[in-house]
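Worksheet: one structure, shown below.
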Amino acid sequence: MKASPRAEAARLERLADEELMAHVDRKDPHAFEVLYDRHGGAAYSLAYRIVGDRNAAEDVAQEAFLSIWRSNARFDRARGSVRSWVLSVVRNRAIDALRRGGGGAPKLDHDDDAVLEARPGEELTEEEALRRETSRELRGALDSLPEDQSQVIQLAYFGGFSHSEIAEMLSMPLGTVKGRMRLGLEKIRAQIAESITPDGVLETI
Amino acid sequence: MSERPDNDAAGAAGDSVVHGERWNDDLAAYALDALAGEERRIVAEHLEGCEPCRERLQWMLPAVDVLPATVPQRQPAPALKARIMDVVEHEAEPVAEPSRGRPRGLFAGLSLRPALAGIGVFLLIAAAVTGYVLRDGGEEPSSFDAVYTATAEKPASGAHGKLMVDGDAGMLHVADLPPTGDGQVYQAWIQDKGSAGGSVHASSVFVVSEQGVGDVAIPHGLSQARRVMITREPKGGSRHPSENSLLTADME
Ligand SMILES: [Zn+2]
């Protein structure tokens, strides 16, 4: 006979992301729910960082997850982990939303958010606490970059600006922006070297 | 493997340094999605034919993948998950209830097959419309167990409709409902029979034509229903109705 719904749910929760995706591809809503539970928080957080508004961030996360559910976005193992892939779908949607909305000034500092994140007395699940801890550590890695490198990386990734737009914005020669992007990425890459699997996939987030 | 004259990476060490100087900055900008149009195309094309640059990009990508994790982590509202899962459960093939019989007769063709499930709610509506036309085209109206009239809660609105029930499934045909704006849909709700009002369940979402006409399949839940109601909801539908019923079919 069929496993009970509870046993089935427990089984899905134990699957690795890549195996879970096989069930999502077969339109299993329970598998999709597990996928959302694992990555929904990170997806929403990224969307919020880009669009800077709670409602818009929810819309972006909803569009992104539904496009994954409807297989408009296909998971490609060659491109990294399921999480990185989900977040790249979210990032693309968020940048689209930013451009549709005419875009405000890019949001460059995140001190206000950091205060909110450190709110005391909040009940967090173990997984949630880990996610926030990892985020703080990684933000440290980004913050330890020279300001001019971190700035161009953030403008491109979170602001959706091209290198020539950034050059114009910061009154810099064209080649300089790309050079800073490369130096910055190389430094981040060196700092996270131990979190990367032999096949080049970022592991810990 | 090199087809372009500048694909000299397989040469001596000095050549590969020169090659790196030519491409590495571009690869970083490419990894960050910071190249536009023509520049982006040139790099993509070069990557096709250059293994060292592909490896270099592959090496660099984790530094980009890590960026989302550097943002302050927030908890989305539970309502977000509810909205997403509502759509997902709606569009999923009904695997969760294998013992329940498929809708009979006319509605058999309306259940979501896996191949269709991915295409979403709007195809379901298209199928519903087709089904309705088929019925007009030849099926006996007597294939329904019952037909109920749907009336507007505000008679001035002029909206009206007909609910055709076939076992646990049904079809609602509506007319003179104003088209929803962008980002909105109509949603059907089923209220159960029950002493204390009866609980309300979310059912299909749908849109109407410019003329205000629409057809929506109700895949299940009608055998225990007291009434079917229609509200206007945000795109994707809601878990709970966000306004009073605009159009109601009383089944008692
Ligand atoms: Zn190359």
Under 5 Å from the placed amide H of B:Q224, counting only residues 5+ away or on other chains, we find none
Evaluated at 20 °C and 1.002 mPa s, the Stokes-Einstein D of region A:1-99 based on the Kirkwood radius over Cα pairs, in µm²/s, stands at 154 µm²/s
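For region B:7-69, what is the convex hull (Cα atoms) projected area averaged across all directions, in square nanometres?
Numbers: hull surface 16.9 nm².
That works out to 4.2 nm².
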Expected sort for B:20-31, A:39-50 on mean C-beta neighbours within 10 Å, highest first, is A:39-50, B:20-31
By the mean-Cβ-within-10 Å protection proxy, highest first, A:9-21, A:128-140 rank as A:128-140, A:9-21
Two pseudo-spin positions, 7 Å from Cα along C-beta at A:R136 and at A:S71, lie apart in nanometres by 4.3 nm
Amide H neighbours of B:Q184 at under 5 Å, excluding residues fewer than 5 places away on the same chain, with H built from the backbone geometry, are B:K235
Phi-derived 3J(HN,Hα) across region B:58-69 with the Karplus relation (6.51, -1.76, 1.60, θ = phi - 60°), rounded Hz, x for Gly and Pro, is 4, 5, 7, 4, x, 5, 7, 4, 6, 4, x, 6
In debye to the nearest 20, the charge dipole size for region B:7-69, taken about the Cα centre with +1 at each Lys and Arg Cβ and -1 at each Asp and Glu Cβ, equals 120 debye
Here region B:167-181 yields Karplus 3J(HN,Hα) values (6.51, -1.76, 1.60; θ = phi - 60°; whole Hz; Gly and Pro given as x) of x, 8, 9, x, 9, 10, 10, 10, 9, 6, 8, x, x, 6, x
Descending packing, highest mean Cβ count within 10 Å first, for B:151-157, B:167-173 is B:167-173, B:151-157
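We did not get these values from a lab; they are worked out from the coordinates using the rules stated. Owing to the predicted nature of the structure, the values given are computational and were not obtained by experimental measurement. Glycine gets a Cβ as well: all are built from the backbone with ideal geometry, and neighbour counts include every protein chain shown.
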